[in-house]
Each structure stands twice: as structure tokens, then as C-alpha cells.
């Protein structure tokens, strides 16, 4: 393991003393926290996910963690990653790596003991720092200073980093939206513009994953404008022609006071529904970007809201479908969840309806009845008691989110899914990018 001069010492962040990270670091000699948890701690943000790297082969990492009493799941062994679990807390642990071969989408890696070599293969300087349990910070490429200045900068040559994995072009906009201040890094912007043709090599799932994360940030609009300017938006989301459609919804604080529970994040699908013009085929977009079935249904439901609620809605051939979805949104709002708020705000500011018109229309028609009762839960072997009501509430919440459209059989099917998932163990995935799995 190399000795590096780029070392500072900080007060150890609180996440390092939590049971699972502390146990992982104690079990692995020379291990450090890496990537997003280090970045977020330095930025004064809450650390939710902890990633650790160690100068050991993955098999040795797994063996040492098991010997220390942690549960170990081989969630991405081909990339050198395992997931350690202690109690309810998970820590992803990855062997130090170097790239052997990359093709713009996948990387073939080999293990190393050189921390600088591992850091050099990461995407951005703010994601390339590492932190020991005692507060020693290694910052090989100036990430701490970039974080303080609000600069998102590639590690090394931007074109090289993009050629290794074109998904980094999309990741740039997400990190720019979260941490960037002022004009974007000129070298990064130029390299991304030149790399636009390579975006077509990315899988639809990876593209939607990044777009979804960007749209769920507090204010994605400046990043969307930059994507449009550099030609990225047209390459990955050509259906969106006017990003300014989102501006009215963003002028209201999210979550709107009194409308959402504390900690509720902006809803990516509702913002996408705002951005899509009236002639966009939501179904075709959902198919192209490989939405889940639930995401496709929700996007379709949200698009219905864009049509002005009023007396005409009561005479539509699909009256029940549309009204049921509107009713569901009103009820969700009453439960402290308001996924359609950005869309309704945008429509109201363009002269369309707001909540008052929606509620008035919903109030003129009889509401749908939730099709399950307690006996449906008991029939599936659940013993009488509080769990019956809790399960009904869970199914009712799902039914509302689907626009109050599922029938009794569909609700019973969802109940069976909930029952099958009770008491499930820890799961994990091997990371969305071999090169940046510890950078979020």
C-alpha cells in the first residue's frame, strides 16, 4: 500500500462510529470509507449509505468479515464487492481495483493494494476521497477543495473518464445539481458535448436510473438546461422540448407546507409528467426507457391530471378511470402524500386547474369503494389482531397509488405479495457501474 502525502486529519464523522461501519473497519486492516459517504460528511449532509474499500482480494474481505461475526452477501463479487450486514445496517465493501479493459459501458478489473490507483479510476474528484476510522482523509485529486468551491470536476482527463463509462456524462448533471455552484467546469462540459454519440451505447435501464435520480433532486432545472445546451437531453429524453415547463412547480417549496410528510422527496415521475408535452406518447417513452410496470401506470395516471377537471370530465367515455385517479390523488394528499403537486402547480400557473377545481370535480361523483375487507386478510391465514388492519392499510395505500383502479382480485394478489415478503432478509445489488459503485 502506497504512502501518500495528500493526507489531512478531520474530526471523525458520526457515521464512522455506527455499529456496522465500525465493525467493518475493525475487521479489515487498512480499510477506509470511500466515495459518497465521505463527500456527504464533508458537505455537512446526512450520510445514509456507507461504502468501504480495503486493500485485500474480495474473497479475503468476505472471510474476514464473516470471522468478525458479520453477515456477508456476495452482491457483486465480479466487481470485487460484498455487502456486510450487522443488525439492520448494510455496508458495501469493495476491493481496491484497477481497470484492465473498458468499453464505455463495462469494465474488466483487477485487484490492487494501491489506493491512489483505485481513486484514479473514479469519476469525479469529490467522489475520490477516502477516510480512515480515526479521521485521516486522503484526497489525491483536490476533491475537498472542489466540494467547497461547488465544482464538479472529472478525475484526470474528462474524455478518458467518459470513454471508460458513458454513464458518467449523465452522472455529471446529477452531481452538478447537488453540489455545483455557478458555471460548470469548462473541460467537463466540452468533453460531455463530444461524448453525446456514445450515450447510445448505454442500456435504457441505466439511463432511466440516472434521469430518475436527477429529477428527484430539489432543483434539477439548471442541470436540465445544461443537458439541453450540451445536446444530452435530446439524446436521452428527446420527448422533452421545453424544460421551462418545470419552473412553475419548482417555485413552490418542496414539500409544500402541510401537503407532505417531513422528509418526502420530490417525485421524479410527476416531474417527468410536467416536462412531457401534450402530444408525447407516455406509453412509448415508458417502453423505451424500460420503466417498471408500476412506473408506467403511474406516469399514465399523472398524465390524466393534465386534462382540466370540470363538468366535461363527467361526460367522458373513460369517466370512471379518470375520476378514480383524481380521487386517489385527493385521498393521498389527505394522507400527507402528494405525488401530483408539481403537475397541478404547473397547470394552475399556466391557467389550468388547481386543487380546488380537482376537489370540486371529484366531489360531484360517488367515490369508489376499497374492494377488500378484513375477512379477505383472514382467509389468507392471518390471525385476528392489529396485523389485519395494518395489512389492509398497506393494500389500500397501493390501491390509491394505482388510481383506485385495481379490482378485488388484483388487491388480493398484492396482499399475497405483502404476505410473501414478510420477514425477508437483506438483499443487495452489485452496483450500477463497476467504476463508480461507491460514488453515490
Problem set entry | the stretch 11-134: relative contact order in percent, alpha carbon pairs under 8 Å with at least 6 residues between | 28
Exercise. Quick one: if the Förster radius is 41 Å, what FRET efficiency do residue 225 and residue 17 give, using the C-beta to C-beta distance and rounding to 0.05?
Worked result: 0.50
For this session: Within 10 Å, count the other beta carbons around each residue, average over each peptide in 186-192, 388-394, and list them highest first.
Result: 186-192, 388-394
For this session: Would you mind calculating the gained length between residue 203 and residue 77 on full extension (0.36 nm times residue separation, minus the Cα-Cα distance), in nm to one decimal?
Result: 43.2 nm
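Students often check this: by mean Cβ neighbours within 10 Å, which of 283-289, 267-273 ranks highest, and how do the rest follow?
Working: 283-289: 15.7, 267-273: 24.1.
Going by the mean number of other Cβ atoms within 10 Å, highest first, we get 267-273, 283-289.
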Seminar exercise, completed: Classified through the alpha carbon gyration tensor (a ≥ b ≥ c as square roots of its eigenvalues; rounded if a/c is under 1.5, else prolate when a/b is larger than b/c, else oblate), the stretch 7-149 comes out oblate
For this session: Answer rounded, prolate or oblate for the stretch 374-420, using the Cα gyration tensor with square roots of eigenvalues a ≥ b ≥ c: rounded when a/c is under 1.5, else prolate when a/b is larger than b/c, else oblate.
Result: prolate
Problem set entry | Chain lengthening between residue 49 and residue 10 when straightened (0.36 nm per residue, less Cα-Cα) | 12.1 nm
Exercise. Rounded if a/c is under 1.5, else prolate if a/b beats b/c, else oblate: with a ≥ b ≥ c from the C-alpha gyration tensor eigenvalues square-rooted, which is the stretch 155-224?
Worked result: oblate
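Values quoted throughout were computed directly from the atomic coordinates according to the rules given, and no laboratory measurement underlies them. Computed from a prediction, not measured in an experiment: that's the story for all the values here. Every residue, glycine among them, receives a Cβ derived from its backbone with ideal geometry; neighbour counts consider all protein chains shown.
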